[in-house]
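K.L.:
Could you have a look at this structure, given as structure tokens, before my questions?
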Amino acid sequence: MARYTDEFRREAVDYVENSGKTITECARELGLNSKTLNDWVVKYRRRGEVTGAMTAEQSELAAAQRRIRELEMENEFLKKAAAFFARSQA
């Protein structure tokens, strides 16, 4: 499997974005598999970055979102437990 530098990936995506050509045409010119180049373009459009590395802000946001999900699940469990015990007390 060929390893490409982050710089090369950014330049390839920039070429696709600014050339007005299709991903397939650009991939052919750059000697890349069109699927690979398409993956890079999709990542760039989603995150604004081609590499898989996350910025500090993205990492912090992901951690906060995980914590929110955990707290929501705990809250839901506590609501069900309270309802269960309220029924058993009556």
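K.L.:
Under 18 Å Cα-Cα from K21, which lysines qualify once same-chain neighbours fewer than 8 residues away are excluded?
P.N.:
Leaving aside lysines fewer than 8 places away in the same chain, those within reach of K21 are K35.
K.L.:
The chain: Rg/Rh from Cα coordinates, Kirkwood Rh?
P.N.:
Numbers: Rg = 22.9 Å, Rh = 16.6 Å.
With Rg and the Kirkwood Rh in hand, the quotient comes to 1.38.
K.L.:
Could I ask something else about it? Let me check I've understood the local charge: for A64, count other residues with C-beta under 14 angstrom from its C-beta, Lys and Arg +1, Asp and Glu -1. What total comes out?
P.N.:
On the way: positive: R66, R67, R69; negative: E57, E60, E70, E72.
My count for the surroundings of A64 gives -1.
K.L.:
L30: net charge of surrounding residues, Cβ under 11 Å, Lys/Arg +1, Asp/Glu -1, itself excluded?
P.N.:
Details: positive: R9, K21, R28; negative: E11, E25, E29.
Surrounding charge for L30 is 0.
K.L.:
Please arrange I23, I68 by how many other C-beta atoms lie within 10 Å of their C-beta, fewest to most.
P.N.:
Details: I23 20, I68 10.
Placing the least packed residue first, the sequence is I68, I23.
Only the coordinates and a few stated rules stand behind these numbers; no lab work does. Remember, predicted model here, so these are calculated numbers, not experimental data. Cβ: placed from backbone, ideal geometry, glycine included. Neighbour counts: every protein chain shown.
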